[in-house]
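Presented below is the structure to which this report refers.
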Amino acid sequence: MSRREVREQIFKLLFRAEFYEEGELPEQLQLFFEELDQAENKDTIYIREKVEQILARLPEIDSMVNGVAQGWKTSRMGKVDLTLIRLAVYEIKFEEEIPTGVAINEAVELAKSYGTDGSSSFVNGILAKLA
């Protein structure tokens, strides 16, 4: 998979995790990869590890987002927008090999595909303030 495809799969899995209890995550990971029809390989291992790392840092990430999102709290944000923001914040703050501009651009592009009409500008605005 390309880096963009891997990032999109991470987004989809993070989005899916929003609707399940923490204890259900292992089963959801298994079902997700079965649906992808992907055998265990370097991409699926990377996706699994990245999702687990992001979920482990959600309180810290949400705190950063809440600190810059004027008039918006993570509890009020749309799930798609919030998931993309969380993914990008993780990449900006905790992934040194991913340039900030790339993380923001990728989140905005995914927002255009999966979000509402205003999602891309909302995601871009939050991430720009954070960066």
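The values are calculated or read from the model by the stated rules, or taken from the named source; none is laboratory data. The structure presented is a predicted model; accordingly, all values stated were derived computationally and were not measured. Using ideal geometry, Cβ is built from the backbone for each residue, glycine included, and neighbour counts are taken over all protein chains shown. Heads up: the accessible areas ignore ligands, DNA and RNA and are worked out on the full protein's heavy atoms, side chains in. Shrake-Rupley method; radii C 1.70, N 1.55, O 1.52, S 1.80 Å.
Here are the numbers for this structure:
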| quantity | calculated |
| --- | --- |
| In Hz, Karplus ³J(HN,Hα) per residue of region 92-100 (6.51, -1.76, 1.60; θ = phi - 60°; x = Gly, Pro) | 5, 8, 10, 10, 5, 7, 9, x, 4 |
| Structure-based [θ]222 nm, the chain - -39500 (n - 2.57) summed over DSSP H runs of at least 4, per residue, nearest 500 | -23500 deg cm²/dmol |
| Size of electric dipole in the chain: Cβ of Lys, Arg +1 and of Asp, Glu -1, about Cα centre, debye, nearest 20 | 620 debye |
| Positive-pole candidate from A111, G71, T100, dipole of region 68-120, charges at beta carbon | G71 |
| Net charge, A131 excluded, C-beta distance under 12 Å - Lys, Arg +1, Asp, Glu -1 | +1 |
| Relative contact order (%) - criterion: Cα under 8 Å, at least six apart; region: the chain | 23 percent |
| Rounded, prolate or oblate (a/c below 1.5 giving rounded, otherwise prolate when a/b exceeds b/c) for region 1-63 by Cα gyration tensor | oblate |
| Per residue, in Å², the accessible surface of the chain once ligands and nucleic acids are set aside, probe 1.4 Å | 55 Å² |
| Protein accessible area in the chain, 1.4 Å probe - carbon and sulfur % | 48 percent |
| Value in Å of the Kirkwood radius, where region 1-109 supplies the Cα pairs that are averaged | 14.4 Å |
| Cα shape, region 47-131, gyration tensor, a/c 1.5 rule | rounded |
| Summed side-chain charge close to S120 - residues other than S120 whose Cβ falls under 12 Å, Lys, Arg +1, Asp, Glu -1 | -3 |
| Entries of K42/K79; K42/K129; K12/K42 with Cα pairs more than 23 Å apart | K42/K79; K42/K129 |
| Summed residue charge, Cβ within 14 Å of V51's Cβ, Lys/Arg positive, Asp/Glu negative | -3 |
| Length added when fully stretched, A131-R3, from 0.36 nm per residue minus Cα-Cα | 44.0 nm |
| FRET efficiency, F94 to W72 (Cβ-Cβ, R0 22 Å, nearest 0.05) | 0.50 |
| Added length on full extension, which subtracts the Cα-Cα distance from 0.36 nm per residue, Y46 to E18 | 8.1 nm |
